[in-house]
Amino acid sequence: MRAAASRFGTPELPRHHVPRPRGLDLLTRADAVPLVVVVAPAGTGKTSLVAEWVKSGGRSGDTAWVTLDGGDGALGARLGPGVFWNAVLRCLDDLGVAVGHDPGPAGSWLPSLAAAVVAGGRRLTLVLDDHHLASDEVMVDVELLLRLTAGRLRLVLVGRHPPALPLYRYRMTDAVLELGFAELAFDDAEAAALLAAVGTAPGRPEIHALNSHHHGWAAGLVLAGRGARTRSATAPAAPDLDVADYLRREVIDALPGALRRFVLGTCLPDEFDDALAEEVAGPGADDLLRAARAVAFALPSSREGHHTYPPVVRAVLRSLLVHGDPHRLREIRAATARWSRRRGAADDAVREFAAAGAWDELAETLANERLLVRLVLEGAGGSLAPSALRLRTARTTVSAAAVVRAAGHLAVSDPVGCADELARVPAHGAERGRAAVEAARSRLVGDAATALRSADAAARVLGGELGAHPAGALPMLVRQCRGVALLRHGAFELARAAFEDAADHGEVRALRADGLAHLALTGAVEGTLADAEAAAADALELAGEFDSALGGHATAHVALALVALDREEFIAVRRHLNAAQPVVEPLPRYLAHHVTAALDAAEGNSTSAANRLHAAAAEARGTDPWIADRLRIEAARGALLDGHPGLALHELDVLTRPSGAAAVLAAAAHARRGRAEDDTAAGRALAAVADGFPSVRDRVEALLVEADLRLNHHTSGRAEAAVDAALRLAAPHHLRLPFRHASPAVRALLAGRTRPRQRPAGESPGDEHVPVEALTAREREVLGHLTELLTTEEIAAAMFVSVNTVRTHVRGILRKLGVHRRYAAVRRARELGLLDR
């Protein structure tokens, strides 16, 4: 008779048992119900908790316990009716219920047995440990016995699998108490006591990390604690070998085949929902999910409708999956990828498609316009590039694959490979993506005119001229590329509008970073250093780990190097130049040459500086005439600072087009040469600056040249007025370099000036000498909305005015505060006390 294999009597508590008052409190509710079901995976402390409850409540006289034994301990039907009922009858006999042994079929004697229990007048408790080893046929009779005893017999079923009972009936009448893994999980205090009991005493942070890793799973904590005697007790990146072996043998290997396939199929994402469960399991997913919650550690996550596995369990499941059937692994990865794509988790979908070798689906996913822009701008450091690069050698059948490959080449700064792939795109396939990637490629190669034509051509493919705030990531990328091309032509205002759109409205983080970086570069070139510094800092924060030729990282550092140069912070200049390397995009690369030459000059190597500038200008002459002129202007400045105004004027004679910077430098050269006819020439040059739209730096330098001319004519009062105006203009930006480059006479005037006034508390250095035109009431109202980060459309709706009216007010605010961007206007208004801080 198999009954002999079962064990009778309440088991002793384990040596490392930890009192669990939370669980005991839950079990006190068992006094009101006829059925208690404690179901959880192996090693969760089911038996020890129920044994503690029996021993602590004085129930020994009215409680019998049998631990069923099914041979190998696996889940499923192991005990037949005869073996099971002989064990039950022995327990009842121990409790004083007079029954005969080996009574025959249960259906014939259950009523008399139930009558004997009721006649005893006592409430009896029978604990069936490892009840999952009993067959479903047995459970039908168990349910009948419960109903016939009318509450006089309380059954406590402890096991790894839900009993084959109609539990929904008991739930409807609150006649069942159910405890699962969530209720059995150890909290941090209980985990600390358990670890101490096995000889490990980690600190509180380590306990929390370890317990979170195991989600309060007792066996995992014990095994990890024992292993931690010789190593750190923090949550391991991979499961402890003993823990992994226990999980595999006691939990996963014991699962029925369909349930095992289910948990392996849902373990790849950190969380899964019913949709993924159905993807991997089909129509029976609901039943399998309920079973997984009961016996395989599946838990509700913090997001409604989602489930997860404890990290330690998930790691073991993933290990088993990866080292199992390769074909099944690919199927699960592809199913997980499709589920991730449907729910908008693009990075997860891309990673899993690549791992599954589902190349067509990977290409189609990456051809999504938003992802294509990310791939181009995030570069090799982005999360998409590793998967996209695997498409280089993969066989695909979709036309979008060539565009994705081209974007992948661009991500790793390979414009030649990009062009080769674009040539393979079918004539009528993926036109939008092909045009946009070509526009981005043109930023790295070719001349400024070609880059502008490429961007305009892409704009036509994407639906005509790109106005402000174009919808979609791909049109915004093209508008940004057009802005870069315009900046290479020296069209600052048009370029700035494109950069502001990308910075404020770009759907992709790297696109916003790219817009901000080029805004910073524009500001640094024009001398609005405070705005440039803020925009570059924001760009680098957004760029994060991205390190792309086009993603703004290098551009932002070049902008910061220019800012530091103008402030004479030479250590910072070198730091930002080093951080920018390699600089691939033409304009920031040439400006980096300018900064390096300025450092050489500052260290007394004027010849080296001149050679570097001339070489860079010669390289840029055929592709970027504007920056070539800019480099020649810097070469002329070097000649002027070395005391050769004639050579400076000669350098300026070869410029391809006039500019404010060239006119100011020409005026300075004429003023320093000191000839009578030079005064007239200097005056004409300064007038040309005033007639245009000079940058901040040009205006400051023009005022200093004017001061030099006034000193030449012995009108020191007017010279001081010009210097005062230059100081007021430069103060908000901490612009210093033009004052160092001023003539010796002007520098002497600056050195002899009285110390600046004492600033009131709370006033920033940039507040000195900066008069601000009063804002209108409407402008103040708009400024208040800007602090709330509202869009133009939202401000218009809030104020009941048109969008154009709001834009007019915004332009007025920017002009009056002397800034170019909204966030800079808010910062400046707070500095001036126009807003509450």
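Worth a mention:
- Going through (1) farther than 18 Å from ALA517 by Cα; (2) without any contact (Cβ under 8 Å) to a residue 12 or more places away in the chain one by one, ASN578 falls short only on (1).
- Within the range 769-778, one or more residues are among the β-branched types (Val, Ile, Thr) and modelled with pLDDT under 70.
- Checked against (1) at pLDDT 90 or above; (2) small (Gly, Ala, Ser); (3) in contact with a Pro (Cβ under 6 Å, 6 or more places away or on another chain), ALA615 passes all but condition (3).
- Residue within the range 5-17 that is of a type outside the set (Ser, Thr, Tyr), free of Cβ contacts under 8 Å to residues at least 24 places away in the same chain, within 24 Å of LEU165 (Cβ to Cβ) and in the same structural domain as CYS91 (by TED's automatic domain parsing) present: no
- Any hit, the range 595-603, residues being part of a helix (DSSP H, G or I), under 22 Å from ALA742 (Cβ atoms), of a type in the set (D, E, K, R) and not assigned by TED's automatic domain parsing to the domain that holds ALA685: yes
- Selection count, the range 288-316, where residues are in a helix (DSSP H, G or I) and in contact with a helix residue (DSSP H, G or I) (Cβ under 6 Å, 6 or more places away or on another chain): 7
- Count of the range 662-674 residues which are closer than 11 Å to ILE633 by Cβ and surrounded by fewer than 24 Cβ atoms within 10 Å (Cβ to Cβ): 1
- Just one residue in the set ALA592, ALA610, ALA639, ALA616 is buried (at least 24 other Cβ atoms within 10 Å of the Cβ), in contact with a helix residue (DSSP H, G or I) (Cβ under 8 Å, 6 or more places away or on another chain) and assigned to a helix (DSSP H, G or I); that residue is ALA616.
- Selection status of VAL525, in contact (Cβ under 8 Å) with a residue 40 or more places away in the chain, among the β-branched types (Val, Ile, Thr), closer than 22 Å to TYR823 by Cβ and touching a helix residue (DSSP H, G or I) at 6+ places or on another chain (Cβ under 6 Å): no
- Just one of (1) under 30 Å from ALA40 (Cα atoms); (2) crowded, with 17+ Cβ neighbours inside 10 Å fails for ALA337. It is (1).
- Subset tally (residues that are among the hydrophobic types (A, V, I, L, M, F, W, C), surrounded by 24 or more Cβ atoms within 10 Å (Cβ to Cβ) and out of contact with any Gly (no Cβ under 7 Å at 6 or more places or on another chain)) for the range 403-440: 9
- Failed condition for MET476, given (1) in contact with a Pro (Cβ under 7 Å, 6 or more places away or on another chain); (2) modelled with pLDDT under 90; (3) of a type in the set (A, V, I, L, M): (2)
- Residue in the range 164-174 that is within 26 Å of LEU259 (Cα to Cα), at pLDDT 90 or above, assigned by TED's automatic domain parsing to the domain that holds THR67 and touching a Lys or Arg at 6+ places or on another chain (Cβ under 6 Å) present: no
Conditions tested, residue by residue: (1) farther than 22 Å from LEU68 by Cβ; (2) out of contact with any Gly (no Cβ under 8 Å at 6 or more places or on another chain).
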site: SER135; (1), (2): no, no
site: LEU146; (1), (2): no, yes
site: LEU153; (1), (2): no, yes
site: GLY159; (1), (2): no, yes
site: ALA193; (1), (2): yes, yes
site: ARG204; (1), (2): yes, yes
site: ILE207; (1), (2): yes, yes
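- Hey, LEU494 in a helix (DSSP H, G or I), crowded, with 23+ Cβ neighbours inside 10 Å and at pLDDT 90 or above or not: no
- For VAL563: the one exception among (1) at pLDDT below 90; (2) among the hydrophobic types (A, V, I, L, M, F, W, C); (3) under 17 Å from LEU540 (Cβ atoms): (1)
- Residues located in the range 82-99, provided they are buried (at least 20 other Cβ atoms within 10 Å of the Cβ) and in contact with a strand residue (DSSP E or B) (Cβ under 6 Å, 6 or more places away or on another chain): PHE84, ALA87, CYS91
- Members of the range 524-543 found to be part of a helix (DSSP H, G or I), more than 29 Å from LEU372 (Cβ to Cβ), out of contact with any Gly (no Cβ under 9 Å at 6 or more places or on another chain) and of a type outside the set (A, V, I, L, M, F, W, C), listed by number: GLU526
- Condition met for LEU410 (outside the structural domain of VAL376 (by TED's automatic domain parsing) and in a helix (DSSP H, G or I)): no
- Residues that are part of a loop (DSSP other than H, G, I, E, B) and free of Cβ contacts under 8 Å to residues at least 40 places away in the same chain, drawn from the range 136-178: ALA150, ARG152, ALA164, PRO166, THR173
- Test for CYS418: is it closer than 25 Å to GLU619 by Cβ, outside the structural domain of ALA517 (by TED's automatic domain parsing) and in a helix (DSSP H, G or I): yes
- For ASP531: the one exception among (1) modelled with pLDDT of 85 or more; (2) within 26 Å of GLY408 (Cβ to Cβ): (2)
- Checked against (1) surrounded by fewer than 22 Cβ atoms within 10 Å (Cβ to Cβ); (2) not in a loop (DSSP other than H, G, I, E, B); (3) not assigned by TED's automatic domain parsing to the domain that holds VAL373, MET476 passes all but a single condition, namely (1).
- Only one of the numbered conditions (1) touching a His at 6+ places or on another chain (Cβ under 6 Å); (2) outside any helix (DSSP H, G or I) is violated by LEU550, and that is (1).
The values are calculated or read from the model by the stated rules, or taken from the named source; none is laboratory data. Predicted model only: the values in this text are computed from it and were never measured. Cβ atoms come from the backbone with ideal geometry, glycine included; neighbour counts cover every protein chain shown.
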